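Asks: Sharing a structure with you now.
The values are calculated or read from the model by the stated rules, or taken from the named source; none is laboratory data. Predicted model only: the values in this text are computed from it and were never measured. A quick note on method: Cβ atoms are made from the backbone with ideal geometry, for glycine too, and the neighbour counts reach across all protein chains shown. The accessibility values were calculated without ligands, DNA or RNA, using every heavy atom of the protein model including side chains. Shrake-Rupley method; radii C 1.70, N 1.55, O 1.52, S 1.80 Å.
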Amino acid sequence: MNRKPTRFAQDYQTALCRYLEQGPVGSLHVALRLGRRAVTLGFETLDLALIHEQALIAQVLSTGAGANRDRMIKWARTFFAEAIIPMEETHRSAMEANAHLSRLNLALNQRTMNLATSSQLLRKQIARRQVVEETLRKSKQHTSRLLGESRRLQEQLRLLSRRVLSAQEEERKRISRELHDVIA
């Protein structure tokens, strides 16, 4: 942070001086508002501590030594503690968000591993299905060939049956003529 007095540093010093003049009966709402403003400005805890230290040194040096000085330091500690509450809440929120993000990352990693396993199983099943489909295709071709051959054989059987019947009929006619000739 820039060491030059900023508007914020001046406002902080003014508010701290007022609080130290009023003592514990003074309102700490100003410190809380200043803490929120510091968070908004992007100050870190150490930046605010440096501003507090400079404001306190300026105030205490003007007061001198003694019991009054110790009391002012104690009250200044209370003021500073109130001012850093928004920063602590921000840090706490960030830590909670990081913890939540870590849990989500773990869940995401687990889900990714599950999906990879499922994907691997699906690939194996697809490969098996392709083998089965190929086997079925070959079986269909073989069945088609067998069916064609069966039809061809049936046709040959019909032709042979006709020849046999025809030959039997011819044989009956021949036997009938011979019998007719023998009887005549």
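Asks: Heavy-atom accessible area of ASP47 with all protein chains present, probe 1.4 Å, nearest 10 Å²?
Replies: 40
Asks: For helix 45-63, what angle does its Cα long axis make with the longest principal axis of the chain, in degrees from 0 to 90 and rounded to 10?
Replies: The angle comes out near 10 degrees.
Asks: From the phi of every residue in segment 169-184, what ³J(HN,Hα) in whole Hz does the Karplus formula 6.51 cos²θ - 1.76 cosθ + 1.60 yield, where θ is phi - 60° and glycine or proline is x?
Replies: With the stated coefficients, segment 169-184 comes to 5, 5, 5, 5, 4, 5, 5, 4, 5, 4, 4, 5, 5, 5, 6, 6 Hz.
Asks: Here's a follow-up. Could you tell me which label, among (i) -0.33, -0.57, -1.18; (ii) -0.70, -0.85, -1.13; (iii) -0.55, -0.78, -1.07, carries the value of log10 I(q)/I(0) by the Debye sum over Cα atoms at q = 0.10, 0.13, 0.18 Å⁻¹ calculated for this structure?
Replies: Checked against the structure: label (ii).
Asks: Taking the chain as a Gaussian network, where each spring joins two C-alpha atoms under 10 Å apart, which residue of ARG129, ARG163, ARG69 fluctuates the most?
Replies: Taking springs between Cα atoms under 10 Å, the residue moving most is ARG163.
Asks: Using only Cα atoms and rounding to the nearest 10 degrees, what angle (0 to 90) does helix 29-41 make with the longest principal axis of the chain?
Replies: Once rounded, the angle reads 50 degrees.
Asks: At 1.4 Å probe size, put ARG71, ARG123 in order of accessible surface, largest to smallest. Can you show the working numbers first?
Replies: Details: ARG71 115, ARG123 155 Å².
The ordering from most to least exposed comes out as ARG123, ARG71.
Asks: At a 1.4 Å probe radius, which order do THR40, THR117 fall into by accessible area, largest first?
Replies: Largest accessible area first, the list is THR40, THR117.
Asks: With every protein chain left in place and a probe of 1.4 Å, what is the accessible surface of PHE80, to the nearest 10 Å²?
Replies: Accessible area of PHE80: about 40 Å².
Asks: For the modelled label position 7 Å from the Cα of GLU96 along Cα-to-Cβ, which residues of segment 16-48 have backbone nitrogen atoms closer than 14 Å?
Replies: none
Asks: Further, regarding this structure: Measure nothing but the geometry: give the 0 to 90° angle between the long axis through the Cα atoms of 67-83 and the longest principal axis through the Cα atoms of the chain, rounded to 10°.
Replies: Rounded to the nearest ten degrees, it is 20.
Asks: So how far apart, in nm, are the two label points at HIS180 and LYS74 if each is 7 Å from Cα heading toward Cβ?
Replies: 15.3
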